[in-house]
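Notes follow the structure.
The values are calculated or read from the model by the stated rules, or taken from the named source; none is laboratory data. Model, not experiment: these values are computed from the prediction. For neighbour counting, all protein chains shown are included, and Cβ atoms are generated from backbone atoms with ideal geometry for every residue, glycine included.
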Amino acid sequence: MRKHFSFWGNVEVYIGENLSMENEKIYEGTAKEYTDIVTDRLCVMIVVNNEYEKCVRSGIPDDEFIRGKVPMTKSEIRSVCISLMNISKRDNCWDIGCGTGSVSVEMAIRCADGRVTAIDKNKEAIELTDKNRHKFGCDNIEILYGDAAEKISGLEKPDVVFIGGSGGRLEQIIKCAYEKNHDVKIVVTAVSIETLNSVVNIFNNCNVQYNISQIAVTRTRKIGTHTMFAAENPIFIINTQ
């Protein structure tokens, strides 16, 4: 199970150098203490992870991700979207408009033997996705910078597609996904009625069955001694059946 690098830095490490020889050396500590160590070729290392994850996480808290100014799919919405994708271990996934890469990370955790292709035309989004890919140890995420409608034409057929932002190329992206795999699972999030209407029209034209959900999340926040509710923007989730 993948864990982000700040965790791996604290795992126990035991290094044996030139064991049973006169110049034998044994090192003991944490991984972060030995990142720059130089040893002889005759060397063995044991890594002990006492706090491994015992389950597949869903809806990773927002504050665990490296954030910037680009939009991020919030934890509760992300959790619902991921549950609708039913990602398998070897699936090939696309994250269109990857933003901070939060959905990419949760996809990657589930398709450990597959691949996630994260695409965005915002340079800051690409940088944040790269940072979060490294933080969570998801080496099965490939990041592409540019227009998604152009980038996906050269990709292998997808099993799962998440569209959080299309850059106005929604129809081209969905049609390309279906041309590559008519059984692809697609999940789209929309914050406006216009985008929702566009998705519905595109799916209808493609003769695809779909479901629509509208989710409004309200979180608590402290104001003095009182606990108040603060509403997040409602989100439409459209997923193919």
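Can you tell me which residue among Val200, Val187, Val161 is assigned to a helix (DSSP H, G or I), β-branched (Val, Ile, Thr), surrounded by 11 or more Cβ atoms within 10 Å (Cβ to Cβ) and at pLDDT 95 or above?
One residue alone meets the criteria, Val200.
Which of the residues belonging to the range 64-100 are touching a strand residue (DSSP E or B) at 6+ places or on another chain (Cβ under 6 Å), in a loop (DSSP other than H, G, I, E, B) and more than 16 Å from Ala190 (Cα to Cα)?
Ile87, Asp91
Out of the residues in the range 219-238 meeting the condition of being within 21 Å of Phe162 (Cα to Cα) and modelled with pLDDT of 90 or more, tell me which one is farthest from the chain's Cα centre (by Cα).
Pro234
Any chance the range 134-148 includes a residue that's without any contact (Cβ under 8 Å) to a residue 24 or more places away in the chain and assigned by TED's automatic domain parsing to the domain that holds Asp183?
Checked the range 134-148: at least one residue is without any contact (Cβ under 8 Å) to a residue 24 or more places away in the chain and assigned by TED's automatic domain parsing to the domain that holds Asp183.
Quick one: is Ile223 out of contact with any Ser or Thr (no Cβ under 9 Å at 6 or more places or on another chain), farther than 21 Å from Ile96 by Cβ and in the same structural domain as Ile96 (by TED's automatic domain parsing)?
yes
Does the range 60-103 hold any residues that are on the phi > 0 side of the Ramachandran plot and either surrounded by 22 or more Cβ atoms within 10 Å (Cβ to Cβ) or in the same structural domain as Asn10 (by TED's automatic domain parsing) (or both), and which are they?
Gly97, Gly99, Gly101
What about Lys25, is it in the same structural domain as Phe162 (by TED's automatic domain parsing) and more than 16 Å from the chain's Cα centre (by Cα)?
Against the criterion (in the same structural domain as Phe162 (by TED's automatic domain parsing) and more than 16 Å from the chain's Cα centre (by Cα)), Lys25 does not qualify.
Which ones in the range 138-151 are within 17 Å of Cys111 (Cα to Cα) and crowded, with 17+ Cβ neighbours inside 10 Å?
Residues satisfying the conditions are Cys138, Asn140, Ile141, Ile143.
Those residues that are more than 18 Å from Phe65 (Cα to Cα) and in a loop (DSSP other than H, G, I, E, B), I need them from the range 113-158; list them, please.
The answer is Asp113, Gly114, Lys121, Gly146, Asp147, Leu155, Glu156, Lys157, Pro158.
How many residues, within the range 203-241, are assigned to a loop (DSSP other than H, G, I, E, B) and small (Gly, Ala, Ser)?
Within the range 203-241, residues that are assigned to a loop (DSSP other than H, G, I, E, B) and small (Gly, Ala, Ser) number 2.
Could you check the range 14-46 and list, in sequence order, the residues that are of a type outside the set (Ser, Thr, Tyr), touching a helix residue (DSSP H, G or I) at 6+ places or on another chain (Cβ under 7 Å) and in a strand (DSSP E or B)?
Answer for the range 14-46, where residues must be of a type outside the set (Ser, Thr, Tyr), touching a helix residue (DSSP H, G or I) at 6+ places or on another chain (Cβ under 7 Å) and in a strand (DSSP E or B): just Ile15.
Applying the selection to the range 88-98, what residues are in contact with a helix residue (DSSP H, G or I) (Cβ under 6 Å, 6 or more places away or on another chain) and under 17 Å from Ile237 (Cα atoms)?
Residues satisfying the conditions are Asp95, Ile96, Cys98.
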